[in-house]
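Beneath this line is the structure, given in structure tokens, with notes to follow.
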Amino acid sequence: MSDYSISFPNLGIYLDYVPKSFEVFGFKVALYGVIIGIGMFLGLCYAAREAKRTGQNPDDYWDLFLYLMVFSLIGARIYYVIFSWDMYKGDLLSILNVRNGGLAIYGGVIGGAITIYFYSKKKKIPFLQLTDTVIPGLLIGQIMGRYGNFTNREAFGGYCDGLFAMRLPVAMVNRSQITEDIAMHMVEGTNYIQVHPTFLYESLWNLCVLIFLLVYRKNKKFQGELTALYFIGYGIGRAWIEGLRTDQLLLPFVGLPVSQVLAVILIIVGTTMIVWRRKRKNVS
């Protein structure tokens, strides 16, 4: 198995060359960043189209895109650095190097939500109207972004020999993400590990959530309902998929995976939003 190959042997899929980057005029460009950028752009294209369908001004969403591009990425990086501080405290300049990964989707979502909040105040557009319009586009970005994890050989799970088992060359992965269980299952004389492709699980889960929201959107009963359903759907998927990963960011002192904790919070918040709004509607 070459260093640049990735395979799914139980599916009969063998990719001989999956690069992490390419060069343009001598400058190395990380596929990770390109894929995330394309995902964000496609997401905003959807949001602008949805704005037109619902009688809003699409230009408001193209303007929002410029802010989200900056502050979502900053949020994603800050979140990752905070919960991986031991990796960066000895070399603060490395915080600025994101070409090898190190972006956390929750940080991007939090940064994006804060950006949308202030943008809604500036434009005098209801916050939940903005989020309901943007949420399906966010899912498009998340679906695409996970393939950045694929090319970076990161965000994988523990040892797996099931249908979707993925083989990655040891030389191309972060050694700290290879658990004892994964190492114990390495075949002597080989140069690869065999793991759960959690990037694929989450991408497919998000696709299902996206399809559900697109089917349901014309029947939504209140502003913010799509946002609440996203919280619940994404939270459920992330809670169980995060449990498979070997690169979990942990809460200090308690040692719980921060992404699982936040996923449970999202489920609670989303459920509360729906129950409260529907109860309020029945009362009125």
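The values are calculated or read from the model by the stated rules, or taken from the named source; none is laboratory data. Keep in mind it's a predicted model, so treat the numbers as computed, not measured. For neighbour counting, all protein chains shown are included, and Cβ atoms are generated from backbone atoms with ideal geometry for every residue, glycine included.
Here are some notes:
- Filter result for Tyr79 (part of a helix (DSSP H, G or I), in contact (Cβ under 8 Å) with a residue 12 or more places away in the chain and within 15 Å of the chain's Cα centre (by Cα)): yes
- Any hit, segment 96-104, residues being in contact with a helix residue (DSSP H, G or I) (Cβ under 6 Å, 6 or more places away or on another chain), under 30 Å from Asn10 (Cβ atoms) and polar (S, T, N, Q): no
- Residue tally, condition under 21 Å from Phe231 (Cβ atoms) and crowded, with 24+ Cβ neighbours inside 10 Å, over segment 191-211: 3
- Positions within segment 204-254 being farther than 30 Å from Arg277 by Cα, touching a residue at least 40 places away in the same chain (Cβ under 8 Å) and of a type in the set (S, T, N, Q), in sequence order: Thr246
- Any hit, segment 147-160, residues being in a helix (DSSP H, G or I), under 22 Å from Gly33 (Cβ atoms), in contact (Cβ under 8 Å) with a residue 60 or more places away in the chain and basic (Lys, Arg): no
- In segment 96-118, the residues that are surrounded by 19 or more Cβ atoms within 10 Å (Cβ to Cβ), in a helix (DSSP H, G or I) and either touching a Cys at 6+ places or on another chain (Cβ under 6 Å) or touching a residue at least 40 places away in the same chain (Cβ under 8 Å) (or both): Ile105, Tyr106, Gly111, Gly112, Thr115, Ile116
- Within segment 144-168, the set of residues being among the aliphatic types (A, V, I, L, M), modelled with pLDDT under 95 and farther than 13 Å from Arg245 by Cα comprises just one member, Met144.
- The number of residues in segment 33-61 being among the hydrophobic types (A, V, I, L, M, F, W, C) and within 21 Å of Pro19 (Cβ to Cβ) comes to 4.
- Residue match in segment 85-97 (condition: of a type in the set (Phe, Trp, Tyr) and under 30 Å from Ala183 (Cβ atoms)): yes
- Here segment 51-88 is the region considered, the condition is being at pLDDT 85 or above and of a type in the set (D, E, K, R), and the residue that is surrounded by the fewest Cβ atoms within 10 Å (Cβ to Cβ) is Asp59.
- Only residues that are surrounded by 11 or more Cβ atoms within 10 Å (Cβ to Cβ) and in a loop (DSSP other than H, G, I, E, B) were counted in segment 4-34, giving 4.
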